[in-house]
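A.B. asks: Pasting a structure here, questions to come.
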Amino acid sequence: MFSYSQNDLYCEEVPLADLARRAGTPAYVYSSRSILASYRAYDEAFDALPHSVCYAVKANSSLAVLGLLAKAGAGFDIVSGGELFRVIRAGGDPSKVVFSGVGKTAAEVEYALANGIHSFNCESAAELALIDAMAARRGVKAGFAIRVNPDVDASTHPYISTGLSRHKFGIAIAEAAAVYDHARSFPNLVAEGVSCHIGSQILDPSPILEAVDKVLELAASLRAQGYPISHLDLGGGLGIAYHAGEQAPPIRGFIESLHQRLRESGLTIMVEPGRSIVGPAGVLLTRVLYRKKNGHKEFIVVDAAMNDLIRPALYHAHHEIIPLRKNPLPPVTADVVGPVCETGDFLARDRQMANAMPGDFLAVCAAGAYGFVQSSNYNSRPRAPEVLVEGGTYRVIRPRETYEDLVRGETT
Ligand SMILES: *Cc1c(COP(=O)(O)O)cnc(C)c1O
């Protein structure tokens with residue numbers, strides 16, 4: 001949904017340089033068409049299998065993005081009470097919400113029960129006891145799945161790999177049966193599912209297939225023992241192309257490769273994709289402030305910084321950086337850095353890229369996931385606006401913060 005026409009970069013039918021001049025920079029821009037196409041790729045690839053695509057809210061929790069997906073029929077995977085609040089505010093259906101995360105608080109469990117969410121993905125026996133007690137207080141039954149840790153290596157960045165036994169996530173698959181057994185003593189819990197999520201930015205889906213086989217086996221054995229298991233939640237984690245020329249696994253092909261084994265199980269299949277739905281749909285627009293040289297090193301100083309997009313600093317993530325208008329100059333090798341006072345404040349290092357001059361606009365690509373949601377006010381920088389493109393039009397879905405916003409609620 002981002003492509004050049006002549007020398008100008010467009011998002012759908014909107015020329016991004018015009019948008020950048022009107023909305024100012026830095027600014028996040030999302031393509032609604034791209035978000036919906038990825039959601040539908042999941043939804044349609046399941047074909048006739050009973051399924052639920054629960055978008056992982058943490059990847060991009062903008063109300064407008066959640067609203068688009070809610071209208072398209074999506075469920076949601078949440079990891080906090082705040083995310084549930086957003087889903088409800090955006091018009092999402094709480095009965096299609098699954099609540100994941102290793103540290104749910106009593107207040108969050110209460111809030112989720114009060115809103116009738118679909119189920120809890122539980123990560124410890126202690127959490128089961130808490131949910132049972134809260135459900136008893138409300139006089140309701142709470143559905144749960146145990147998030148099992150299948151002990152497979154997702155071979156992704158260590159900070160976003162979660163499926164090995166040394167990680168804090170889930171319950172070791174070998175111990176899961178005992179925890180389901182223990183949960184029988186909780187009268188207000190219903191063992192409805194088995195879940196797993198082995199990591200993020202997974203480019204080779206074979207570890208996911210390995211995990212699926214393991215959780216299918218567990219679900220079958222639990223069913224044979226009389227547990228009312230009706231769904232299997234396979235988590236999210238499908239990767240996207242961050243490097244030019246990189247091939248991400250196609251969503252449809254990936255889901256279709258699971259069909260046979262899933263159909264035989266007779267279970268409702270849930271997935272929790274985040275990055276693969278919103279990642280490719282977003283860019284961060286920025287303007288070149290200065291060019292400078294230290295010794296032989298070239299720097300392109302831009303108005304976006306690590307407070308706007310922390311992925312390069314936090315994960316050494318690569319994002320392609322391309323001009324909104326191509327110029328005829330030969331490419332340059334440079335560091336792209338922001339104004340924040342940290343050496344870690346870079347968007348690219350030693351990057352061969354367009355020879356952008358002060359005043360030129362650049363797009364930091366594939367920034368729709370884990371971008372704005374991880375932004376901060378560090379260095380007292382107001383957060384960037386978010387803009388949603390729909391065909392030939394666009395609207396600001398969150399305005400740029402002001403200096404007043406920076407100090408809201410503070411006292412001297
Ligand atoms: C983060 C997360 C997801 C989404 O992962 P993506 O890599 O963005 O698809 C899904 N499920 C759980 C439990 C998560 O923590």
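The values are calculated or read from the model by the stated rules, or taken from the named source; none is laboratory data. None of these values were measured; they are calculated from a predicted model. Positions of Cβ are backbone-derived with ideal geometry, glycine not excepted, and every protein chain shown enters the neighbour counts. Note: accessible area is taken over every heavy atom of the protein model, side chains too, but ligands, DNA and RNA are not part of it. Shrake-Rupley method; radii C 1.70, N 1.55, O 1.52, S 1.80 Å.
A.B. asks: Considering only segment 198-213, how many residues are assigned to a helix (DSSP H, G or I) and open to solvent by 20 Å² or more (accessible area, probe 1.4 Å)?
C.D. replies: Looking only at that region, the number is 4.
Yes/no matrix, rows are residues, columns are (1) at pLDDT 95 or above; (2) aliphatic (A, V, I, L, M); (3) assigned to a helix (DSSP H, G or I):
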site	(1), (2), (3)
G82	yes, no, yes
V109	yes, yes, yes
L128	yes, yes, yes
S155	no, no, no
S165	no, no, no
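A.B. asks: Restricting the first residue to segment 52-67 and requiring it to be in contact (Cβ under 8 Å) with a residue 12 or more places away in the chain, which pairs with a second residue that is of a type in the set (S, T, Y) and part of a helix (DSSP H, G or I) meet a Cβ separation below 6 Å and a spacing of at least six or different chains?
C.D. replies: V53/Y42
A.B. asks: Which of (1) under 19 Å from A244 (Cα atoms); (2) open to solvent by less than 10 Å² (accessible area, probe 1.4 Å) is the odd one out, the single condition R349 does not satisfy?
C.D. replies: (2)
A.B. asks: Search segment 264-276 for residues that are more than 29 Å from S61 (Cα to Cα) and pair each with any residue that is more than 6 Å from the ligand (Cβ to nearest atom) and open to solvent by 10 Å² or more (accessible area, probe 1.4 Å) when their beta-carbon atoms are under 6 Å apart and the residues are at least 6 apart or on different chains.
C.D. replies: Listed by first residue and then by second, the contacts come to S265/L216.
A.B. asks: For segment 274-295: of the residues being aliphatic (A, V, I, L, M) and under 22 Å from S376 (Cα atoms), which is most open to solvent (accessible area, probe 1.4 Å)?
C.D. replies: Going through the qualifying residues, I end up with L289.
A.B. asks: Still on this model: Given the criterion closer than 20 Å to Y4 by Cα and more than 20 Å from the chain's Cα centre (by Cα), identify the matching residue among K293, K326, K297.
C.D. replies: The match here is K326.
A.B. asks: Report, by residue number, each residue of segment 86-103 that is assigned to a loop (DSSP other than H, G, I, E, B) and surrounded by 23 or more Cβ atoms within 10 Å (Cβ to Cβ).
C.D. replies: G92, S100 - these are the residues of segment 86-103 that are assigned to a loop (DSSP other than H, G, I, E, B) and surrounded by 23 or more Cβ atoms within 10 Å (Cβ to Cβ).
A.B. asks: Does G116 satisfy the criteria of being modelled with pLDDT under 95, at positive phi and either within 16 Å of the ligand (Cβ to nearest atom) or open to solvent by 10 Å² or more (accessible area, probe 1.4 Å) (or both)?
C.D. replies: Spelling it out, it is not the case that G116 is modelled with pLDDT under 95, at positive phi and either within 16 Å of the ligand (Cβ to nearest atom) or open to solvent by 10 Å² or more (accessible area, probe 1.4 Å) (or both).
A.B. asks: If you don't mind, there's one more thing I want to ask. Does segment 22-34 contain at least one residue that is in contact (Cβ under 8 Å) with a residue 60 or more places away in the chain, of a type in the set (K, R), open to solvent by 20 Å² or more (accessible area, probe 1.4 Å) and part of a helix (DSSP H, G or I)?
C.D. replies: Yes, segment 22-34 has at least one match.
A.B. asks: Within the group L216, L222, which residue is open to solvent by less than 30 Å² (accessible area, probe 1.4 Å), away from the ligand (no atom under 16 Å from the Cβ), within 23 Å of P273 (Cα to Cα) and assigned by TED's automatic domain parsing to the domain that holds R147?
C.D. replies: L216
A.B. asks: Let me ask something else about it. When residues of segment 182-197 are filtered for being outside any loop (DSSP other than H, G, I, E, B) and within 16 Å of the ligand (Cβ to nearest atom), how many remain?
C.D. replies: 3
A.B. asks: Out of segment 296-331, which residues are of a type in the set (A, V, I, L, M, F, W, C), assigned to a loop (DSSP other than H, G, I, E, B) and open to solvent by 40 Å² or more (accessible area, probe 1.4 Å)?
C.D. replies: I310, L329
A.B. asks: Would you list the strands (runs of 3 or more DSSP E) that sit entirely within segment 353-404 and hold 2 or more residues that are surrounded by fewer than 16 Cβ atoms within 10 Å (Cβ to Cβ) and in the same structural domain as H318 (by TED's automatic domain parsing)?
C.D. replies: Of the strands (runs of 3 or more DSSP E) lying wholly inside segment 353-404, those with at least 2 residues that are surrounded by fewer than 16 Cβ atoms within 10 Å (Cβ to Cβ) and in the same structural domain as H318 (by TED's automatic domain parsing) span 393-398.
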